[in-house]
1. Regarding B:LEU49, is this residue without any contact (Cβ under 8 Å) to a residue 60 or more places away in the chain, aliphatic (A, V, I, L, M), out of contact with any helix residue (DSSP H, G or I) (no Cβ under 9 Å at 6 or more places or on another chain) and not in a strand (DSSP E or B)?
2. Tally the residues that are out of contact with any Ser or Thr (no Cβ under 7 Å at 6 or more places or on another chain), within 13 Å of chain B (Cβ to nearest Cβ) and modelled with pLDDT of 85 or more, restricting the search to the stretch A:233-242.
3. Determine if the stretch B:238-247 includes at least one residue that is crowded, with 18+ Cβ neighbours inside 10 Å and facing another protein chain (nearest Cβ under 8 Å).
4. Suppose we filter B:LYS3, B:LYS44 for residues that are under 25 Å from B:ALA71 (Cβ atoms) and at pLDDT below 90; which single one remains?
5. Take A:LEU196 and tell me if it is under 17 Å from A:ILE319 (Cβ atoms), more than 8 Å from chain B (Cβ to nearest Cβ) and buried (at least 21 other Cβ atoms within 10 Å of the Cβ).
6. Among the residues of the stretch A:156-181, which ones are part of a loop (DSSP other than H, G, I, E, B), more than 14 Å from chain B (Cβ to nearest Cβ) and surrounded by fewer than 24 Cβ atoms within 10 Å (Cβ to Cβ)?
7. Within the stretch A:24-72, considering only strands (runs of 3 or more DSSP E) that don't extend past its boundaries, which have at least 3 residues that are surrounded by fewer than 22 Cβ atoms within 10 Å (Cβ to Cβ) and modelled with pLDDT of 90 or more?
8. So which residues in the stretch B:218-233 are buried (at least 23 other Cβ atoms within 10 Å of the Cβ) and within 13 Å of chain A (Cβ to nearest Cβ)?
Amino acid sequence: MSLRVQSLNIYYPMQKQHMFAKETYMHAVKDLSFSVETGQTLGIVGESGCGKSSVARALLGLQPHLTGEIWWHQHALHDCSDQQWMPLRRDIQMIFQDPLASLDPRFTIEQCIQEPLNALYPELTQIQKQHRVEKMMQRVGLSPELKHRYPHEFSGGQCQRVGIARALIVEPKLLICDEPVSALDVLIQAQIIQLLKELQQALNLTMIFISHDLNVIGQISNQIMVMYLGRLMEWADKTTLQTQAKHPYTQALWNAIPNPFQPQRKTCTLLYGEIPSILTPPSGCVFHTRCPYVMPQCKISPPSYVSLSSTQKTACYLITQDK
Amino acid sequence: MLKVSDLSIAYTHQEHTLRAVDQLSFELQAGETLGIVGESGSGKSQTLLALLGLLRKNAQIQGEIVFQGKALLQQTEKQWQQIRGKEISMIFQDPMTALNPYLTIGTQLIEVLQHHEQLSYAAAKARTLDMLDQVQIATPKTRLTQYPHECSGGMRQRIMIAMALLCKPTLLLADEPTTALDVTIAAQIIALLKELQRQHQMAIIFVSHNLGVVAQLCQKVHVMYQGKVLEQAKTSELFKHPQHAYTKRLLAALYREDR
């Protein structure tokens, strides 16, 4: 078990109404537990505002208000000081959503990719660093001749390759990808996912892959976690989730993916309504306002998590009823 | 109803000529849906802008666009103003940038009817409320007095659709209307467009880079790449027997449950 998260809660402080008002917090992620094995990929899927990016930030120690435990091997990430984080940053790296926005426009590509080395491996000589940058560029499919160019000269796909090179140059063991392909065209998406898969195999990376697109998640993940309004709805390995998703929200997400090979398929569980505001989450099960199978008890108290097998966990009254 | 023949759009910068759209031809009947699929830079949006007469002044346009007997490329700006929003209207990709943040939703919607159909304010408001109801907005009356930032992304896109349909256009252009939305909301919007098309019998040109979305809505598909149409076929044919190598790669990038 290389990464283990135990009842993680993330809060955001709200703006005070007046000077003496009590501090209030928005509960962005509630009671989330999961673990990832070395070399595996955990996909986190959910719509906007479900807390998936907050989880990514928490894993990197960028989230100030949290409770719960995050263990990376024997390091307790939840109470690391900034100094204790420094050596850990070699292990944990992140790829961001918007490739162009995450690169400094005034750095050449070489400087962009080399920057993490300067910060985390100051003992290397300039020549060693340059050598590693060139090797890394080749590895992600960029020609080293391009290294003196600037980010704006590159296409979106190329920029994302730079982002990947930048994250992998320090040889991390855990890679967190926050929507790395959602800003890209379909064909480029497929290329980047293929590249990430190859690199994962070659470097034995553990990955957390965040996306709002089950289609993308399904291509790369071993396990998938479905989140809604900061709560875990269903956790399962990929094949189980594809063939026997139990939670109505997971089923609805699958149904929302247009399938061109059966365009006339009945979208029987098309969701109605909008995602409620996380500031005023619904009582009971947070999904009850949009759930097609809503029952009276759903509105009163949230269902507890049920393990259906060693690879599937969900929280829904439909399942506890059947048992 | 709409006939585009040999449409070419080019831009010249110093000595370089960029051919954004190259010799595009197609026809569209009333009530039909045409899907245009392609990557960014393939000329999809340029084609739509040409149909609305919104191309930049330095664009060099060749060819012919005939819409209900009118040669669109020869229209003056004044004539265009009678066509845009009334006979041909468009749904843009990003509803936040397409709506005016300083005006209430009511002002923006009612203005359309007052301009095109010379209705009184009260009559225009009644039609607007009716239209908001059709696009399944829960409390249309309160929405009219709100500003765009007070609505969610899906809601804004519904408002855009309502705005485009207010004058009952015969041709609706949709430029990636679901790309900026969450999957469950995107599915709702597509179902809504289908339903509205059935009610109003309008023709739709639906542009997207997602083949899956196009398959749900369109009868015909054009696959564009670098300004050229590589393949045009009926949707069902395209997915069963893709001809061009590029189309095959696009299809392979899609997720299939059986794989």
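The values are calculated or read from the model by the stated rules, or taken from the named source; none is laboratory data. Every value quoted in this text rests on a predicted model; they were computed, and no experiment measured them. Positions of Cβ are generated from backbone atoms using ideal geometry, with glycine treated the same way; all protein chains shown enter the neighbour counts.
1. Here the answer is yes, as B:LEU49 does meet what is asked.
2. 1
3. yes
4. B:LYS44
5. no
6. Correct list: A:VAL170, A:GLU171, A:PRO172, A:LYS173.
7. Passing ranges, in order: A:25-36, A:66-72.
8. Selection gives B:CYS218, B:VAL221, B:VAL223, B:MET224.
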